[in-house]
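Asks: If you scroll down you'll find the structure; I have some questions about it.
The values are calculated or read from the model by the stated rules, or taken from the named source; none is laboratory data. Treat the numbers as computed from the prediction; the structure is a model and nothing was measured. So basically every Cβ, Gly included, is an ideal-geometry build from the backbone, and we count neighbours across all protein chains shown.
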Amino acid sequence: MSIGILFYVVGLGALPGLVPLLICGVLNVPFANVLQKCQSQFMVAQDERLRLTSEVLNNMKIIKLQSWEEKFKNMIETRLENEFKWLAKEQISKAYGTVLYWISPTIISSVIFLGCAYLGSAALNASTIFTVLATLRSMGEPITMIPGALSVMMQVKVSTERINAFLLGDELNSEEPLISKQSSDKSVVIQAGNFSWDTELTVATLRDVNLEMKKGQKIAVCGPVGAGKSSILHVMLGEIPKISGTVYVYGSIAYVSQTSWIQSGTIRDNILYGKPMDEERYKKAIKSCALDKDMITLLMDCVMAALRNKTVILVPHQVEFLSEIDTILVKVMDGGSITQIGSYTELLMSGTACQELVNAHRDAMTVVDPLSNENKGQQEDTDTLQGEEYNKCYSTQQKSEGEISALGLPGVQLTEEEEKGTGDFGWRPFLDYIVVSKGYLFLSLAILSQFGFVIFQAAATYWLAIAIQIPKISSGLLIGVYTGISTLSAVFVHLRSIYSAHLGLKASKAFFYGFINSIFKAPMLFFDSTPVGRILTRASSDLSILDFDLPLSIGFVAAGSIELVAAIGVIAFVTWEVLIVAILVMIAVTYIQLAAGPMLHCRPKFNILDEATASIDSATDAILQRIIRQEFSECTVITVAHRVPTVIDSDMVMVLSYGKLIEYDKPARLMGIESGFSKLVAEYWSSCRKGSSQAFSSYQ
């Protein structure tokens, strides 16, 4: 539509303006590619930082015990520097793109004016120039939104590609292993199995696995770290990709991992696991888990007894448990292959790898605890005494954890609910953003640059208004000065974008370094009471708001405020009458608020308006009447007014004359007959038409 208006106003003179318009459109393509590359690399770097941060948070207790805080903090900061490198490149690229979008209307208008002067399609007078500028300004509104739109589109594109790659990744075969519900004397059978975590590797993780586990057996899987002990368990669970072979599982499987997973809640929450409370079953679970007495021999006395008639596969590093199991098969994993299968006694007698594991354990225990038999006896007496004291102290406790939970009493919740603030926080977050980042200089320079941009924009328009009144001024001088002033305004808007980008980068660094320092200096109680996911949210999405949203918001607020002040200043300088009218309208709105405020607050059922809108204009009166009709539709309202539009839509009209009630009926019925109300209406509209006619005549 804007292009059509340009051709209608200046004719063929608008044709040359299409060339820079197309050029600016084509330049969006490489600019979008640069943004896409920066965004992709930024998200990759952010993933690396978050992955390391997650590992650090999950192992913070070990890091603090070993005093490794500084080392791991430096590792995270190194990942952060790589992330900031791409963030800075993206933000600076946006600043350069801003120049393109702000200078394009200037270039297009200058070329159109040159086309008009060269082709003579339209005279360069006030109507032509300001119509062209107004049209291009209407085109400039969506053009100025292109940088932000491109940035969002690139973020969406990169995120979509990452999600697509994740969803299209390799999946496990849901039909493996083959689970049979039929009764059998076997629990697990693996035939000629080859398995690998990475199917592209030439050497499989587990090779030539042939196993047959009978029902009721207690089976131990032994071997050094990395031999594939946990991997063979994942074969039975169907969690490792199968290259070849067959896996049969008879019945259901229960899996207990090396690292226990505990909910952030009470013991009762972890036992119930979201199910309704069954007191008898709950007490049985407490007793089965030995939580009532905190039994040290949990594994041997409780778990093994509960699993006596079930197939149990253990992956122990504590080989001393092996001698306590009566019937076992010991499988020593070495390099992905099963080297031995047999009972505990048979493997020890064979003098092979299993005996080496047991001997290594005994040697380690001898080094750690080189006690003589006499000292061992004393140690056993001490242990017995400590056990008796423990039982004595335990018996004096009023209630155990299980008893307290069974009674339904409130437990202690270590993890606290996250605090959230709602409502208006005022300017405090923005002030903190500037104070913490110490970005006073960049903020001041950005504001000054915005002032320069607005001043030169107004100066360019003012030059056109003055130049067209100068007789015999050349078109080259008029267009050249206009182009030069507008170009200077583009330079200032570029500086504003650069300073805003540096402000955002400095703030992001300051907040993140403060965040990471606080994390590493926090006590362990903080990590026990704060879920890791909550901390990762602060380190990811919340910091992304600081990286992208806040600098943009501050820039919009500053730019909008300065442009508003500049517009008021120009209006006051050029057409002060308009400013006076605007002030009167602000006053009128305040009057409406004061007049209708008490009514809206108290909402009485009966309201009387005695010439409440007599001192305001008709337009404002109409606004107030609309509010009254909407907000007090269920209330009785009596309005005393001389303006006919104020009462014309009332349900009933009461007309008084010299203290007497002469008419009381619906407005439409009174208007249809010869009545006092119809005469008042005719007199009102007659006076309005007469006043308008006189005002029009005086204007002519």
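For every residue, the table says whether it meets (1) of a type in the set (K, R); (2) touching a residue at least 60 places away in the same chain (Cβ under 8 Å); (3) assigned to a helix (DSSP H, G or I).
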{"site": "R51", "(1), (2), (3)": "yes, no, yes"}
{"site": "I62", "(1), (2), (3)": "no, no, yes"}
{"site": "N74", "(1), (2), (3)": "no, no, yes"}
{"site": "T78", "(1), (2), (3)": "no, no, yes"}
{"site": "E81", "(1), (2), (3)": "no, no, yes"}
{"site": "F84", "(1), (2), (3)": "no, yes, yes"}
{"site": "K89", "(1), (2), (3)": "yes, no, yes"}
{"site": "W102", "(1), (2), (3)": "no, yes, yes"}
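Asks: Okay, next question. Sort through G555, G560, G569, G533 and tell me the only one that's without any contact (Cβ under 8 Å) to a residue 40 or more places away in the chain, in a helix (DSSP H, G or I) and within 24 Å of V99 (Cβ to Cβ).
Replies: Working: G555 fails: without any contact (Cβ under 8 Å) to a residue 40 or more places away in the chain; G569 fails: within 24 Å of V99 (Cβ to Cβ); G533 fails: within 24 Å of V99 (Cβ to Cβ).
Sole residue among the options that is without any contact (Cβ under 8 Å) to a residue 40 or more places away in the chain, in a helix (DSSP H, G or I) and within 24 Å of V99 (Cβ to Cβ): G560.
Asks: Any idea which of (1) in a helix (DSSP H, G or I); (2) within 28 Å of L133 (Cβ to Cβ) is the one P16 doesn't satisfy?
Replies: Going through the list (1) in a helix (DSSP H, G or I); (2) within 28 Å of L133 (Cβ to Cβ), P16 breaks only (1).
Asks: Please pick out the residue among Y482, Y499 that is under 16 Å from R137 (Cα atoms) and buried (at least 20 other Cβ atoms within 10 Å of the Cβ).
Replies: Result of the check over Y482, Y499: Y482.
Asks: Whether any residue in region 243-260 is polar (S, T, N, Q), in contact (Cβ under 8 Å) with a residue 24 or more places away in the chain and farther than 28 Å from G228 by Cβ is what I want to check.
Replies: No, region 243-260 contains no residue that is polar (S, T, N, Q), in contact (Cβ under 8 Å) with a residue 24 or more places away in the chain and farther than 28 Å from G228 by Cβ.
Asks: Only one of these is in a helix (DSSP H, G or I), without any contact (Cβ under 8 Å) to a residue 60 or more places away in the chain and not β-branched (V, I, T): Y499, Y513. Name it. Break it down into steps so the answer makes sense when it comes.
Replies: Working: Y513 fails: without any contact (Cβ under 8 Å) to a residue 60 or more places away in the chain.
After applying the criteria, what remains is Y499.
Asks: Go through N33, N82, N28 for me and flag whichever is surrounded by 14 or more Cβ atoms within 10 Å (Cβ to Cβ) and either modelled with pLDDT under 85 or farther than 29 Å from V532 by Cβ (or both).
Replies: When all the criteria are applied, what remains is N28.
Asks: Still on this structure, please answer the following. Identify all residues within region 628-655 that are surrounded by 15 or more Cβ atoms within 10 Å (Cβ to Cβ) and more than 23 Å from F677 (Cα to Cα); write none if there are none.
Replies: If the condition is that a residue be surrounded by 15 or more Cβ atoms within 10 Å (Cβ to Cβ) and more than 23 Å from F677 (Cα to Cα), then F632 is the only one that fits.
Asks: Next question. Among (1) surrounded by 15 or more Cβ atoms within 10 Å (Cβ to Cβ); (2) in contact (Cβ under 8 Å) with a residue 12 or more places away in the chain, which single condition is W68 missing?
Replies: Failed condition: (2).
Asks: Considering each residue of region 237-254, count those that are under 24 Å from A204 (Cα atoms) and either surrounded by 15 or more Cβ atoms within 10 Å (Cβ to Cβ) or under 41 Å from the mean Cα position of the chain (by Cα) (or both), and give that number.
Replies: Of all residues in region 237-254, those under 24 Å from A204 (Cα atoms) come to 237-249.
If we keep only those that are either surrounded by 15 or more Cβ atoms within 10 Å (Cβ to Cβ) or under 41 Å from the mean Cα position of the chain (by Cα) (or both) as well, we get 237-243, 245, 247-249.
Number of matching residues: 11.
Asks: Sticking with this one: I'd like the full set of residues that are at pLDDT below 75 and buried (at least 18 other Cβ atoms within 10 Å of the Cβ), limited to region 177-216.
Replies: P177
Asks: Here are the criteria: (1) at pLDDT 90 or above; (2) within 30 Å of L136 (Cβ to Cβ). Tell me which single one Y513 does not satisfy.
Replies: (2)
Asks: Please find, among F527, F515, the residue that is surrounded by fewer than 20 Cβ atoms within 10 Å (Cβ to Cβ), among the aromatic types (F, W, Y) and within 18 Å of the chain's Cα centre (by Cα). Working first, answer last.
Replies: On the way: F527 fails: within 18 Å of the chain's Cα centre (by Cα).
On inspection, the qualifying residue turns out to be F515.
Asks: Further, regarding this structure: Considering only residues of region 602-617 that are of a type in the set (A, V, I, L, M, F, W, C) and modelled with pLDDT under 70, which is surrounded by the fewest Cβ atoms within 10 Å (Cβ to Cβ)? Explain how you work it out, then say what you get.
Replies: Initially, region 602-617 is screened for residues of a type in the set (A, V, I, L, M, F, W, C), giving 602, 606, 608-609, 612, 614, 616.
Restricting the remaining residues to those that are modelled with pLDDT under 70 gives 602, 612, 614, 616.
Details: C602: 8, A612: 21, A614: 12, I616: 18.
Checked region 602-617; the qualifying residue surrounded by the fewest Cβ atoms within 10 Å (Cβ to Cβ) is C602.
Asks: Still on this model: Assuming Q340 fulfils every condition listed in (1) modelled with pLDDT of 80 or more; (2) touching a strand residue (DSSP E or B) at 6+ places or on another chain (Cβ under 6 Å) apart from one, which condition is it?
Replies: Against the list (1) modelled with pLDDT of 80 or more; (2) touching a strand residue (DSSP E or B) at 6+ places or on another chain (Cβ under 6 Å), Q340 comes up short only on (1).
Asks: Look through E674, E663 and report the one residue that is at pLDDT 80 or above and in contact with a Gly (Cβ under 8 Å, 6 or more places away or on another chain). Step through it out loud before you land on a result.
Replies: Details: E674 fails: in contact with a Gly (Cβ under 8 Å, 6 or more places away or on another chain).
Residue meeting the stated conditions: E663.
Asks: Please list, ordered by first then second residue, the pairs with beta carbon atoms under 6 Å, 6 or more apart or interchain, first in region 1-12 and within 13 Å of L119 (Cβ to Cβ), second hydrophobic (A, V, I, L, M, F, W, C) and assigned to a helix (DSSP H, G or I).
Replies: From residues that are within 13 Å of L119 (Cβ to Cβ), the pairs are F7/A14; V10/C116; L12/L119.
Asks: Need a quick list: helices (runs of 4 or more DSSP H) entirely within region 393-486 having at least 1 residues that are modelled with pLDDT of 85 or more. Even if it seems obvious, please write down each step before you answer.
Replies: On the way: elements: 401-406, 428-437, 440-467.
By residue number, 428-437, 440-467.
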